[in-house]
Amino acid sequence: MFAAERNGYKPTLIEDICRWGYSLILVFIIPFAFLQLMLRGTTRNKDYNRRRFERFGFVAHAPKKDGYLFHCVSVGEVVAASCLIKRIMADEPDCQITVTTTTPTGSARVRAIFGDSVHHFYLPYDLHMAMAGMLKRIQPKAVLITEVELWPNLIHACWKRDIPVMVVNARMTDRSARRYKKIGKLFNPMLAKLYHICAQGQRDYKNYAWLGVPDKKLTLTNNIKFDQVASATAPDHPFLGLNRADYPILVAGSTHDLEEEAVLQAAKELWQQSPPFKVIIVPRHPERFDTVAKLIEAKSLPFVRSSQVQSVPEDTNVVLLDEMGKLNDAYAVASFAFVGGSIADRGGHNALEPASFSIPIIMGPHTYNNPVICSYLEECGALIKVESGEAMSAIVNRWLLKPNEREKAGQAGRKVLEENSGALEATVQCIRKYVN
């Protein structure tokens, strides 16, 4: 039925036709996507292969209905949402929590953090029947989308069933806002069907407002990552027996193609000044572990893979962290950190993670995913931007020669965390107001 009215909103006939056109395009694209899933399943574990039909809405029924369904795209969103999920579990212990992800790495992170305490599956493809089938099996009282992933048919299916949809820790870059503006007939109805948006920063708030979201549906909660990261603690035992008191350690976290090359270039120069210097490289995606290993081998550098050793030999200065969920363990022993996705044009990953361990941070010029966070850290001297391995080497060398400056920068980053906490409580209050 076209143009049905619910919750005071009635999409136009043109808007409904645009959504059906979008769905028709997906019908032609999804068979190729499913074929790719099957091909990937031959190289992944059996569980991943078995769960591919979740993409069509064939998911396990939730143990209990009337709970919360959180959608988190991948690892970053899962980690960011974890403190909110834990808070809701504490406040409403009998409430069912369901978490969906898009990627296998996100799925693995859900299991690592929550085990079997939450119901979990892959979010179906954005076909109305798939989303409707999923909602019928889960019967949530609310859907909470983390950060940015908005799907027209998911939101429409919830809207038709009077299931409130909120976006928490909502992110909207300038680039994304301009793109969505161009497809207003498809995107605007989604915004109208949302119950509320909790923006993670002033930029995000302004961009949602520019796209037409009224003030009554927008709240500036600030970034929940400040609260999530502030609670991070060091592991009981030092990662791989490493200790920053014994030798300087650079952790390159969440790296992409070309960034490992820059890090190794910097390390090569730093070894001339400080032979004991060690570097831990942590690729963002597990499918690149072997690629990075070959890169290190090609440079004839002795190295170990973290999955194969209990401790790092004294004569080995390069570690490839090839295990998921251990980046924070590495940051806990670091002297300084490089945060990836920033020399490579990926918008930059979470700089608050190293800041929580009071260590200075290096990033490339591309930090548009988290501009407010990076701006705060840069202004207080906790973060310095570089564009090459040579520049990275110069910064690290300066910190080696001036340990007091390094310590001051690290403490400044931790202070930013402590001064900007509070987003978790603000988000919880919004959920209570607009959902319960």
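The values are calculated or read from the model by the stated rules, or taken from the named source; none is laboratory data. Predicted, not measured: the structure shown is a model, and the values here were computed from it. Please note: Cβ atoms are built from the backbone with ideal geometry, for glycine as well, and neighbour counts cover all protein chains shown. To get the accessible areas, we keep the full protein, side chains included, count just its heavy atoms, and leave off ligands, DNA and RNA. Shrake-Rupley method; radii C 1.70, N 1.55, O 1.52, S 1.80 Å.
Computed quantities for the displayed model
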| read-out | value |
| --- | --- |
| Residue in the stretch 94-109 that is basic (K, R), touching a helix residue (DSSP H, G or I) at 6+ places or on another chain (Cβ under 7 Å) and crowded, with 23+ Cβ neighbours inside 10 Å present | yes |
| Selection count where residues are open to solvent by 10 Å² or more (accessible area, probe 1.4 Å), under 30 Å from G413 (Cα atoms) and either over 21 Å from the mean Cα position of the chain (by Cα) or not β-branched (V, I, T) (or both), scope the stretch 173-217 | 9 |
| All positions within the stretch 126-157 that are farther than 29 Å from G201 by Cα and not hydrophobic (A, V, I, L, M, F, W, C) | H128, G133, K136, R137, Q139 |
| When residues of the stretch 176-220 are limited to those that are free of Cβ contacts under 8 Å to residues at least 40 places away in the same chain and hydroxyl-bearing (S, T, Y), the one farthest from Y22 (Cα to Cα) | Y205 |
| Pairs, first assigned by the TED database to the domain that holds L401 and closer than 16 Å to I343 by Cβ in the stretch 261-290, second outside any helix (DSSP H, G or I) and of a type in the set (F, W, Y), C-beta under 8 Å, six or more apart | V263/F338; A267/F277 |
| Counted residues, the stretch 389-426 - those being out of contact with any Phe, Trp or Tyr (no Cβ under 7 Å at 6 or more places or on another chain), of a type outside the set (S, T, Y) and in a helix (DSSP H, G or I) | 25 |
| Qualifying residue in the stretch 317-328 (condition: aliphatic (A, V, I, L, M), touching a Gly at 6+ places or on another chain (Cβ under 6 Å), outside any loop (DSSP other than H, G, I, E, B) and in contact (Cβ under 8 Å) with a residue 12 or more places away in the chain) | yes |
| Sole residue being in a loop (DSSP other than H, G, I, E, B) and assigned by the TED database to the domain that holds E353, chosen from P313, P235 | P313 |
| Among the residues listed as A108, A132, A170, the single one being farther than 30 Å from L327 by Cα and in the same structural domain as T427 (by the TED database) | A132 |
| Within the stretch 286-310, considering residues that are part of a strand (DSSP E or B) and open to solvent by 40 Å² or more (accessible area, probe 1.4 Å), the one farthest from A267 (Cα to Cα) | R305 |
| Failed item in (1) open to solvent by 30 Å² or more (accessible area, probe 1.4 Å); (2) within 29 Å of H285 (Cβ to Cβ), with E77 passing the rest | (1) |
| Which listed residue, of G389, G413, is in contact (Cβ under 8 Å) with a residue 40 or more places away in the chain, outside the structural domain of K86 (by the TED database), open to solvent by less than 10 Å² (accessible area, probe 1.4 Å) and in contact with a Leu (Cβ under 6 Å, 6 or more places away or on another chain) | G413 |
| Residue count, the stretch 359-377 (criterion: in contact with a Lys or Arg (Cβ under 7 Å, 6 or more places away or on another chain) and at pLDDT 95 or above) | 5 |
| Only one of A266, A262 that is farther than 24 Å from M324 by Cβ, modelled with pLDDT of 95 or more and open to solvent by less than 60 Å² (accessible area, probe 1.4 Å) | A266 |
